[in-house]
Structure formats: C-alpha cells, structure tokens
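The values are calculated or read from the model by the stated rules, or taken from the named source; none is laboratory data. None of the values given here were measured: they were computed from a predicted structure. Counting neighbours? That spans all protein chains shown, and the Cβs are built from the backbone with ideal geometry, glycine included. Accessible surface areas use protein heavy atoms only, side chains included; no ligands, DNA or RNA. Shrake-Rupley method; radii C 1.70, N 1.55, O 1.52, S 1.80 Å.
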Amino acid sequence: MNFGWLLPILILMPGLLGVASLFVRSAQAVLRLCAIGTLGVAALSGAVALQTFRFVPLLAAGNWFMLDALSAYHLLVMMIVFSLSALYGITYFREEIAQGQFTIRHARRYGGLWFGSMSAMVLVLVSNNLGIMWVGIEATTLLTAFLICIHRTSGALEAMWKYLLMCSVGVAVAFMGTLLIAASAQQASLHGSDALLWTALRDAAHQLDPALLKAGFIFLVIGYGTKAGLAPMHNWLPDAHSQAPSPVSAVFSGFLLNAALYCILRYLPLVESATGNTGWGRGILVVFGILSILVAAGFIVAQHDVKRLLAYHSVEHLGIIALGIGIGGYGALAALFHIFNHSLCKSVSFFCAGTLGQTYGTHDMREMTHVIRVSPVWGSGLIVTLLALIGVAPFALFLSEFIILKSALNAGSYWAASLFMVGVGVVFVGALRHIISMAWEPLQTHIKARRPTIAEGMLVFGALATLLILGLWLPRPFQAILEQATRVLGGI
Amino acid sequence: MMTLLQNTLLVALVLTSFGMLVSGRLGVYIRIVALQGVMVGLLPLVAGHAVPTLHLVFVATAIIGLKGFVFPYLLSRALRESKTRREMNPFVGHLSSVFFGILALLGSFWMDSRLSLQSHSSSELAIPMAFTTILIGLFLIVTRRTALSQVIGFLVLENGIYAFGLAIVYEVPVLLELGVLMDVFVAVFVMGIAIYHINREFDHMDIDRLNTLRG
C-alpha cells in the first residue's frame, strides 16, 4: 500500500492548525495548542518516516512530492526540534504573560506564524520538484521574519530587516541556480516540469550539461548557503538568533539552517554524478565548511552575549556538517549524525539561555555568573550543553566530529583536517573561558530564580541523557537510518 | 516583428535600471519599478512563441497586475508614511553608479560570449540584458541607504532573474511560476510592513543607522 497521500496532509495539517490558533481565546491556550498540535504533526511525521525507512520512498501528486531516506531523516530531526521548542514555549512565555508583555494578540500571531513556518519547512522537505522546494524556503524566510520581532523592540526590528533582506537576496540567487539546473536538463531532453523533478534529474544525471550544472551549483551554494548561515554569508544569523524569543531561536538554529543546507544536499548527488564523481561539488562544501568554522571561532572568542555565542556556534557546526558532507563516505554519515546531535543540543542550550536570560534580566555572560547555583536545572543545562557543543567527550557531538576528522585523514585531506582542528581548538579554548566564568565566578548581585518544575527538568536532562547515550552507543536501527540517508547522497 | 518588440523591451529594461542609478528620488524609483514590472510581464508574450498560449496570457496578466500595480501601490503607501523623500548621499554617488552600470553591461556581454548559454528566445540580447538588470539590482541593494530603495533593488533583481529564466528555460510549469510570484508578493508585503514599523520605531528608514547589533 502506498502512503504517499499522507504527504500533502502533512503540509496542510500545520497550516490548518495555524488558522485554528487565530481563534483561540487566551495566550496560554495558544501555546498549549502549539505544543499539542506540534506533537500531533510530529507523530504523523514519525509514522510516515518509518514507512519510508522500512519500504520504498513515498511519491505523491504526480511525483511532485517525495519522501526518501534523506528527507525523512531531516523530517524526524525537524519534528524533534519543533516539539521540544513548542513544549518549552509554554514555560518561556509564562512570565511574559504574567507581566502582560505577551498578550493574546501576540500569541495569535505567534501561533499562526509558528504553524505556518512549520508547514513551509515540511514543504521544503517533501518537495521532489526543486522549484517548489525553493518556494518553500522563501516562504520560511517570510513567515519566520515576524517571529523574530514578536516584541517590536528596535533591536528586533533591526535583526528582522537584516534577516529579511539578506535571506531574500540569497534565496533569489538560489533561484538563478535552480534555473541554470533546469537549463542543464534540456540537453537530456527533460522538458516542462520534468526538468525540475529531482528523481528525473537523478536518473538522467549523466546526460546533464556539466558546465551549466556547475554554474548552477555555485549559485545554489551561495544562495542557500546564505540561509544556512555558512560564512561569509552569515551576517544576519547572530542578530536574528539573539533577538528572537528563545523557542524561536531554537527552531532557527535547530532546523531552519538545516532546511537550507538540505537543499544544497539535494543537488550534491546530481552534480557529483554529472561531473563523473571527481569530487568537484564536495570540494566547494569543504571550502565553505572550513571557512565557517574558522570565522565562527574568531567571533566566539570575543563574544559576551550568550545567545550570540550560541548563534556563532551554529555557524561553526553548520560548517562542520558541510565539511563532513564534503569529505564524503563515513564523513558524510557522521555529518548526518551531527545534524541530529547539533539540533538537539543547540535547541536545549537556547532554552537554558532563554530562561536564564529572563532570570538575570540580561544575556551578557559577564553578569550571568554562578549559574548552576542560581538555577540548578537551567544553569547546569546551559553549562553541559555548551561543553557538548565545544566537543567534550563522551557526548554524541564529540563522536560525530571525531569520525569526520578521521575520515578527512583517511581521505588524505590533511589540509582540511588540520584547519578543522585549528578552528575547533580555538572554539574550545575560547568558549571554555566563557563557560568557566559563567559556572564558577561569584555573583555580583543577589538573584533569585523561580523553582523549576519537574517537566522542565525532564526536558533538559532527557535531552542531555540522549546525547550522552548516543555518544557511547549508537543503536543499530539509528545507524541503519543514517546509512540509508547517506546512500541518497551517493556516499557509501 | 516579435524580435524587434522583444529587443525593445529588453533594452528598455536596462535603460530603466540605469534611470534608477541616476535618480535619487524615491517616488521616481517606485514609478520606474512599476514600468519595469509591466515590461517583464509583456516579455513572455513576445519571447519566441508565435501565438501566446492561454497559460502565458494568464501568467503575464498576473505579473503585470502585481508588479505593475499592486507593488507600486504598497511601496508608495510605505513612502507616504515616512518623512524620507530622497535617497540622501548613497554610499556610492550617482556618477560612479552609472559607471558601475556600464561596467555591468560590458561584463554581462563578455560573460555571455564566454559561457555560450543556450538561449531559447529569439533575441541574442536576452541573457546579457537580464544579467545586467540582475547586477544593477544587487548594486542598488548594497549601495542605497533607505529601506525602501533596498526593496526596490530587490524587485529589480527579481525582474532580472525572471527575464533570465525566460531566456534559458524552455518552459516553466504554471504552478511553479505562480508559487514564485506569490512568494515575491508576500516578500514585498512583508517588507512594506517592516518598513512601516521601522519608521515608527526609529522615526527614519535609514538602514545605515540600524547598526546597534554587531560583533
């Protein structure tokens, strides 16, 4: 039985929930609807993804929609990030609701945009038509822009404008790339909508015009790379991440960037097989990956704002993922593993940073001291996730970074491996300084934190335990999923 | 006949873009970008096909309606809300801007001769002219100070990309074309609202002075 018909439902369901949240009566109820609705969509996504892993890729709507192992894996990661963030949203906004800063008007707008952007991201993942995928990415930019400035402060407006303009221009450049790819397919006598169907392009990859395909791929990497936060097109990212409310920052960092990177990954196998597997396309990803790691390292050392620090960590980790994919083979597998690790870890650290920011009334790390004593749950959550982010063993992020390094050495890319080590080393030392001062430096003023609930504790420590277990032991089914997804990339 | 019409439209597209490089008045920008919207809407009707199909007429009407009338309306409303009327001292002066435009034109012709892109339109000017428009759009975004002229630069870029796509892709499915158009529409809409709020919050829309977030 073909479950392809579920794919359009998966896009429509969040859209309907978004409309529904415009009619809810209280702010708290909107947040609850966000959580329950997101969990519902996540359950459906999980079921669809399992079908894909167990049987064949799902196709629907005249092959315009498709879910294969790569997109199903991304869908799972996305739903985990969205579910956790929606649950966290209930506690994050509680204080703002009590103070009257988050009214029903804010909440309705938040709910509508939350589900709207979810729908757009699902559209990106299930599109087999590369043009529709582009439409989805542009839609995520427009829908998430107002999520940044739910509170219209001057900083949020500035961040939103930068985000809107840089990403729109970037995505417009990606559209030129998409057009060039379509043009390259004319030689393979693919016309009309076939020229943009990923499955059709993959089957005819050997007949595509390599020159046009290469030109298109460069446009695509620069265009979608802007949205994915790859250096040197990352300027919008720290502003947007730091100004947005924390559940939104978590979604931005945990999945919005990955959605854009996913688009680049879709094109990679096409370019590789059309250019005769010479590693031309992978080389470009290696360069951007290394550049992102090094640029982020510089900014991390000099950072004082905790949310901006986390944002630059995103640039670094997206760089690591791009590097791993670029190296290929087991590096690509580890990079896909790293996507999960980074998204989970970064979401939780944004949650912790958000709540601590509310407690301290600032995001300046020089004033956020003694965090573990002030707030045992969120404080230790922040410290441990930051340690995991800089690659401390035995967390899963260490494992995936280690495999990427090892496959770089095995593949003989010693330059890439050594630059990677330099970047990660600088990040380690630079961020460790911030971590130590946040954990142990004495408090300057007296700060009293709200007592965390059991649910909040479970949210933080559950995620940390998952990262710890995955660092020590990779379950067999999870490894099989990663292998399937890597095979789509043409890796192993 | 068709080729003549098409060439006229393409040359007019680049000339209007040059007009924006020279002018500093935001009202003029809006009128020029409206004119460009109508021109790119007409382009698919004269590009190659002898008799326009129903789908082409439909898409052309949608483009002319949105880019020629709805966008300019939204933009002039944003302009009315603000006190800014002129693009005061852009980062690059008008004379140097025109110089850049000429360089972009030469560069586009050079690139076209090197890349030898297979063009589907009957006009050989299509690709270089589209590419010049794209470059001028990017240039406007980077060098102009007010939020409104950046949006207009974005629209010029979009027009250029549309003309480029028309020249190199045989046929784009209607649904996709409408999706893209809708995205651009929402983009302009969202940017218009953003300008409105920036105006209210800062009492100006000078992007150069939105610089508190850094590092």
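Each label point is 7 Å from the Cα along the Cα-to-Cβ direction; what then is the distance between the points at A:Ser437 and A:Ile469, in nm?
3.7 nm
Determine, for the protein assembly as shown, the count of lysine pairs separated by eight or more sequence positions (or lying on different chains) whose alpha-carbon distance falls under 19 Å. The partial results should precede the final answer.
On the way: A:Lys162/A:Lys227; A:Lys162/A:Lys307; A:Lys227/A:Lys307; A:Lys227/A:Lys346; A:Lys307/A:Lys346.
Lysine pairs satisfying the spacing and distance rule in the protein assembly as shown number 5.
Shielding of A:178-188 by partners, i.e. mean partner chain Cβ atoms within 10 Å per residue?
Neighbouring Cβ atoms belonging to other protein chains average 4 per residue here.
Tell me, what is the 1.4 Å probe accessible area of B:Val57, in Å² to the nearest 10?
Rounded to the nearest 10, the figure is 70 Å².
So how do A:87-96, A:346-355, A:65-74 stack up, highest first, on mean other-Cβ count within 10 Å? Walk me through the numbers before you get to the answer.
Details: A:87-96: 20.7, A:346-355: 28.4, A:65-74: 24.6.
Going by the mean number of other Cβ atoms within 10 Å, highest first, we get A:346-355, A:65-74, A:87-96.
Mind checking the mean number of beta-carbon atoms from other chains within 10 Å of the Cβ atoms in B:204-212? List each step's numbers first, then the result.
Details: counts 0, 1, 0, 4, 0, 1, 8, 1, 5.
What the average comes to for B:204-212 is 2.
Is it possible to state the helix-based mean residue ellipticity at 222 nm for the protein assembly as shown, with each DSSP H run of 4+ residues giving -39500 (n - 2.57), the sum divided by total residues, to the nearest 500 deg cm²/dmol? What is it?
Values: 28 runs with 524 residues, N = 707.
Calculated at 222 nm, the ellipticity per residue is -25500 deg cm²/dmol.
Could you rank B:Val33, A:Val56 by how accessible they are, 1.4 Å probe, largest area first? It would help to have the intermediate numbers written out before the result.
Details: B:Val33 5, A:Val56 95 Å².
So, going from the largest accessible area down, we get A:Val56, B:Val33.
Rank A:Phe340, A:Phe102, A:Phe461 by accessible area, highest first, at a 1.4 Å probe radius? Present the calculation step by step, with values, prior to reporting the outcome.
Details: A:Phe340 25, A:Phe102 5, A:Phe461 95 Å².
Of A:Phe340, A:Phe102, A:Phe461, the descending order of accessible area is A:Phe461, A:Phe340, A:Phe102.
Could you order the peptides A:432-441, A:283-292 from most to least packed, using the average number of other C-beta atoms within 10 Å per residue? Let's see the in-between values first.
Values: A:432-441: 16.1, A:283-292: 23.2.
With the highest mean Cβ count within 10 Å placed first, the list reads A:283-292, A:432-441.
What distance in nm separates the two pseudo spin-label positions at A:Asn63 and A:His446, each 7 Å out from Cα along the beta-carbon direction?
It is 7.2 nm.
Sort A:Met166, A:Met79 by accessible area with a 1.4 Å probe, largest first. Display every interim value, and only then the final one.
Numbers: A:Met166 65, A:Met79 5 Å².
Output order, biggest surface exposure first: A:Met166, A:Met79.
For the modelled label position 7 Å from the Cα of A:Ala455 along Cα-to-Cβ, which residues of region A:1-34 have backbone nitrogen atoms closer than 14 Å?
Hits in region A:1-34 for A:Ala455 at 14 Å: A:28-34.
How much accessible surface area, in Å² rounded to 10, belongs to the heavy atoms of A:Met13 with a 1.4 Å probe?
60 Å²
What FRET efficiency would be calculated for the residue pair B:Glu124, B:Arg77, taking the C-beta separation as r and a Förster radius of 45 Å, to the nearest 0.05? Provide the component values of the computation, followed by the final result.
Details: r = 40 Å, r/R0 = 0.89.
The value I calculate is 0.65.
Across peptide A:229-239, what mean number of C-beta atoms from other chains lies inside 10 Å of a residue's C-beta?
1
Taking a probe of 1.4 Å and counting only protein heavy atoms, give the total accessible area buried between chains B and A in Å², rounded to the nearest 100.
Working: alone 11340 and 17710 Å², together 25390 Å².
Buried area (both sides, nearest 100 Å²): 3700 Å².
Once both labels are modelled 7 Å past Cα along the beta-carbon direction, what's the A:Gln101-A:Val19 spacing in nm?
Result: 3.4 nm between the two label points.
If you average the alpha carbon positions of region A:156-181 and of region A:1-60, how far apart do those two centres end up, in angstrom?
With region A:156-181 and region A:1-60 each reduced to a Cα centre, they are spaced 27 Å.
How much accessible area does A:Met118 have with a 1.4 Å probe, in Å² rounded to the nearest 10?
Accessible area, nearest 10 Å²: 0 Å².
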